[in-house]
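Data first, discussion second: the structure below is written as structure tokens.
Taken together, the values in this text are just the output of simple stated rules run on the coordinates, not laboratory data. Since this is a predicted model, take the numbers as computed values, not measurements. Cβ sites come from the backbone with ideal geometry, for glycine too, and all protein chains shown count toward neighbours.
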């Protein structure tokens, strides 16, 4: 399940934050990072909101006084948090509230993305449909807009109605 998380997170973040300076490549990266946990054995820290919040704080602290750097790298934890919303991680209290249910609460848990295969395939289809809508909404038919997205991560047609 990648399309649902990449497209869903980019579209949601683009519409909520309405920031033409956001690097949506990093939002997409953050949105797929938790999927890697499924490949290596189960939900770990990237499926817990505390990690996304800690990364937000870390970016703000490390890049203190460097606003452009903060703006760029905040996209990764925002993508991770968007993944949690799109994934439904909040429905598994041991994973969602880790480490408050104990540090070993993640042991034996399953990654939500791989647990619901039928729903996952449906969400991938929804992601494709959402992607087609986003293609038009953000003007990605224009080669210049696509070039800026690939090279800089920005959606320059963001303010189009």
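Tabulated values for the structure
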item: Of 122, 84, 46, the one that fluctuates the most in a GNM where the chain has Cα springs shorter than 10 Å; result: 122
item: Label-point separation in nm, residue 32 to residue 19, each point 7 Å along Cα→Cβ; result: 2.2 nm
item: Compactness relative to 2.2 N^0.38 Å, alpha carbon Rg of region 3-152; result: 1.09
item: Values of log10 I(q)/I(0), in the order q = 0.16, 0.22, 0.26 Å⁻¹, for region 46-90 under a Debye, Cα-only, solvent-free model; result: -0.41, -0.66, -0.82
item: Contact order relative to length of region 3-152, as percent, for alpha carbon pairs under 8 angstrom and 6 or more apart; result: 32 percent
item: Modelled FRET efficiency - R0 22 Å, residue 93 with residue 3, Cβ distances, 0.05 increments; result: 0.20
item: Extended-chain gain in nm, criterion 0.36 nm per residue less alpha-carbon gap, residue 146 and residue 85; result: 19.3 nm
